[in-house]
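The values are calculated or read from the model by the stated rules, or taken from the named source; none is laboratory data. Bear in mind the structure is a predicted one, so any value in this text is a computation, not a measurement. Cβ sites come from the backbone with ideal geometry, for glycine too, and all protein chains shown count toward neighbours. Just the protein is used for accessible areas: all its heavy atoms, side chains included, with ligands, DNA and RNA removed. Shrake-Rupley method; radii C 1.70, N 1.55, O 1.52, S 1.80 Å.
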Amino acid sequence: MTHASTVLAPPAAPPVVAPAPPPPRRGGPSFRRAAAVAVGLFLGVRLVGTLVLALVGQAGGRHPLTLLGRSWDSVWYLGIAVHGYGRLLHLRATVVSDLAFFPLYPALVRAVTALTPLGGIGAGLLVSWTAAAVAAAGIYAVGARLYGRAVGTVLVLLWGLLPHSVVLSMAYTEPVLTAFAAWSLYAVLAGNWVWAGTLAACAGLARPNGFAVAAAVLAAAGAAVWRCRGRVSHRLWTGAALAPLGWTAYVLWVGGRTGDPLGGYFEVQRRWGSRFDLGEGSLDMVRRALLHATKFAFPVTLVLVAVAVVLYALVLLERVPLPLSVYSGVLLLVVIGGSGFFESKPRFLLPAFPLLLPLARALVRTARARPWHATVVVAALAGLGYVYGAYLVVFGRAPL
């Protein structure tokens, strides 16, 4: 009997699987394209907001360029850019000084007028719009680094649609502060301490609350020293030393000019009605508003500040990295604990973009599950921001 021999086939070769492409490198072409899309989206929503403001301004008999370039604080900053410091004004039975306004923005405007044919308003708007675009890129970079590119893009979109985001299109200092703050915080997250400290020093020259950036850098540096038990690079010490220099230098300069090196700047601010009183002034304003009729901007301000407090609680609950928590927390503390023009408080919170991180993450989740719902939310925010911003600039009688 013939037995058929069993032929064993050789084992099949494992399938060839192409290696997965490496994730796009931060700072590489793909990342830059995504950042450019986010900045373009921001510029688009701000352009629409500016057009709405122009239409409302024309209906109210106001020229758009005057509204954008010569409203409230813009007049002071552009005056400093042209004439330098030294202007005094009698206000509310006291004499106020332009020394209350920090020097970086006027210096940038002066440089633009020296290098281009633009006048004061044109130069001021160019500085503000450029700074706003740089800030949007930095905000995107921070959000994308922490939670992905979708969150970074939505974070920029929300920042451009805030009720007071009209200021980002005006000759104001918030875009300049936010630009330096965002990139300083990004440098901290990336471990680039010298850049973080340098940018924080520049932020300290932009606005009185710019010291919040230095506080964030110092807090992150302190945490790093604690974790590493003091064994850290000299770059960290250098960045930490640089961070508070801008704000401190201007405060001391004003003190020297007024004859009171340590208290002169704070006396200048006190004459403007701005001081840190642990919230006593804010509570008094709320009490008077509840007892007497008030302007429309006041209750809206109260709601916006309350929302900011809730958002900061969410920032803490979601364990947003320490430098972002400290930065936004200091800005919020200054707003709540400081007296002064109550209706301006939401503007002071514009640079506190980390407060929007919980909203951005929630909106990304909603967009993936229910795109239509997310679209409605964005449209509602846009309508509120555009209409209320135009109202504040054209018809609002309270300081913006």
key: Fluctuation leader among VAL142, VAL387, VAL156 - the chain, Gaussian network, Cα springs under 10 angstrom   = VAL387
note = With +1 at each Lys and Arg Cβ and -1 at each Asp and Glu Cβ, the charge dipole magnitude of the chain around its Cα centre, to the nearest 20 debye, comes out at 520 debye
note = Expected field for SER274, accessible surface area in Å² at 1.4 Å probe radius, rounded to 10, holds 40 Å²
task = Above 21 angstrom, tally the Cα pairs of the range 33-143 and express them as a % of all pairs, no decimals.
result = 51 percent
ask   = Any idea what log10 I(q)/I(0) is at q = 0.08, 0.09, 0.11, 0.13 Å⁻¹ for the chain, Debye with uniform C-alpha scatterers and no solvent?
value = -0.45, -0.56, -0.83, -1.17
inquiry  = Please list, short to long, the whole-number percent of alpha-carbon pairs of the range 179-274 in consecutive 10 angstrom bins beginning at zero.
reply    = 19, 41, 25, 13, 2
ask   = Hey, in the GNM for the chain with a 10 angstrom Cα cutoff, which one of ARG361, ARG370, ARG270 fluctuates hardest?
value = ARG370
query = What nm value, rounded to one decimal, do you get for the distance between VAL303 and ARG227 when each label is placed 7 Å out toward the C-beta?
reply = 4.0 nm
query = Using 16 Å as the cut-off for backbone N distance, which residues of the range 150-164 belong to the label zone defined by a point 7 Å from the Cα of VAL310 along Cα→Cβ?
reply = 163
remark   = The farthest towards the positive end of the charge dipole of the chain, of the residues LEU199, SER30, VAL251, given +1 on Cβ of Lys and Arg and -1 on Cβ of Asp and Glu, is SER30
query = Over what distance in Å are the Cα centres of the range 329-346 and the range 217-274 separated?
reply = 20 Å
query = What residues of the range 111-148 lie in the reach of a label at HIS63, counting those whose backbone N is under 17 Å from a point 7 Å from the Cα along Cα→Cβ?
reply = 118-126
